[in-house]
Amino acid sequence: MEFVIKAIELANKAQRGGNPAVVKAKKEEIATAEKVLAWLEDGKRVANGQWTNSEIAIINTLTLLTAKPSVYIVNVSEEDYILGADDQGTQWMKEINQWVNDNSPGDRVVPVSIGLEARLAGLDQATVDAELKDLDTQSALPIAIQELRKALHLISYFTCGKDEVREWTIRKGTKAPQAAGIIHKDLEKTFILANVTKYDDLVAANGDDSVIKASGQLSQKGKDYVVEDGDVVHFKSAAARK
């Protein structure tokens, strides 16, 4: 709350004697900060509030921890994890899930057995697969990673060549030119189009481009295309300016 109070004080000082545009902007900052302060005083997380786009822009400047998305990773015993340490599992997990639902609705709770994961980490993959099959369970690490990616609004697209396949991580909602810019800034500046194939379609075709093209599963996308999770993309660009 100290950050918010300080922001209100600074905005009040900045609007004194300022031009009309500055005064208007600072009044908006103060109104939003006071709204956030009231929210915090009620013991609520900022991330769970309903905010307008202009309010979000102001909130982002406050760098508040409670404005960040959250995923709760809960360490449980190997036995409880295997039995099903979720809201239908142990009493502890029921209470934790209830607390999260009451205090941070919408946030995900992921049970993890650190003991099990540590034991699996020392084994080769074949032994890990056999052990998990014998225990009739799965590692929680992929689940935790996916939940963290969802909370951060991260997705992946792929580029494929003869020598390698690369995964590129971007924020959900990123358009094709900006996605290309993750590879190299020149690709964003000189972007022409993107040839896009869906991952599942490429797998079904055994990676055969001729099958993809013949079945009409290769599409050309322009600058306004929003890249989707699992897209396989080949970017076309103009020659970079020197």
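The values are calculated or read from the model by the stated rules, or taken from the named source; none is laboratory data. No experiment lies behind these values; they were computed from the predicted model shown. Please note: Cβ atoms are built from the backbone with ideal geometry, for glycine as well, and neighbour counts cover all protein chains shown.
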Among the helices (runs of 4 or more DSSP H) contained in the stretch 183-242, which hold 3 or more residues that are within 15 Å of residue 160 (Cβ to Cβ) and without any contact (Cβ under 8 Å) to a residue 12 or more places away in the chain? 209-214
Please find, within the stretch 67-125, the residue that is modelled with the lowest pLDDT out of those that are among the β-branched types (Val, Ile, Thr) and in contact with a Lys or Arg (Cβ under 9 Å, 6 or more places away or on another chain). 100
Restricting to the stretch 58-75, and then to whatever is of a type in the set (Val, Ile, Thr), closer than 27 Å to residue 26 by Cα and not in a helix (DSSP H, G or I), can you tell me which residue is nearest to the chain's Cα centre (by Cα)? 63
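Could you grab me the full set of residues in the stretch 48-67 that are free of Cβ contacts under 8 Å to residues at least 24 places away in the same chain and buried (at least 16 other Cβ atoms within 10 Å of the Cβ)?
Those that are free of Cβ contacts under 8 Å to residues at least 24 places away in the same chain and buried (at least 16 other Cβ atoms within 10 Å of the Cβ): 49, 51, 55, 67.
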Kindly provide the set of residues from the stretch 119-161 that are in the same structural domain as residue 94 (by TED's automatic domain parsing), more than 26 Å from the chain's Cα centre (by Cα) and among the small types (Gly, Ala, Ser), ordered by number. 122, 126, 130
Quick one: how many residues across the stretch 207-242 are surrounded by 17 or more Cβ atoms within 10 Å (Cβ to Cβ), acidic (Asp, Glu) and over 26 Å from the mean Cα position of the chain (by Cα)? 0
Subset of the stretch 165-182 (residues that are within 20 Å of the chain's Cα centre (by Cα), closer than 14 Å to residue 234 by Cβ and not in a helix (DSSP H, G or I)): 166, 168
Filter result for the condition that a residue is among the basic types (Lys, Arg) and within 30 Å of residue 73 (Cα to Cα), over 172, 198, 185: 172
Can you tell me which residues in the stretch 175-195 are in contact with a strand residue (DSSP E or B) (Cβ under 7 Å, 6 or more places away or on another chain) and within 26 Å of residue 151 (Cα to Cα)? 175, 176, 177, 179, 180, 182, 183
Here is a list: 137, 159. Which entry is of a type in the set (Val, Ile, Thr) and assigned to a loop (DSSP other than H, G, I, E, B)? 137
Which of the numbered conditions does residue 6 fail, given that it passes all the others? Conditions: (1) exposed (fewer than 15 other Cβ atoms within 10 Å of the Cβ); (2) charged (D, E, K, R); (3) within 23 Å of residue 149 (Cβ to Cβ). (3)
Matching option when the condition is in contact with a helix residue (DSSP H, G or I) (Cβ under 8 Å, 6 or more places away or on another chain) and at pLDDT 90 or above, among 131, 147: 131
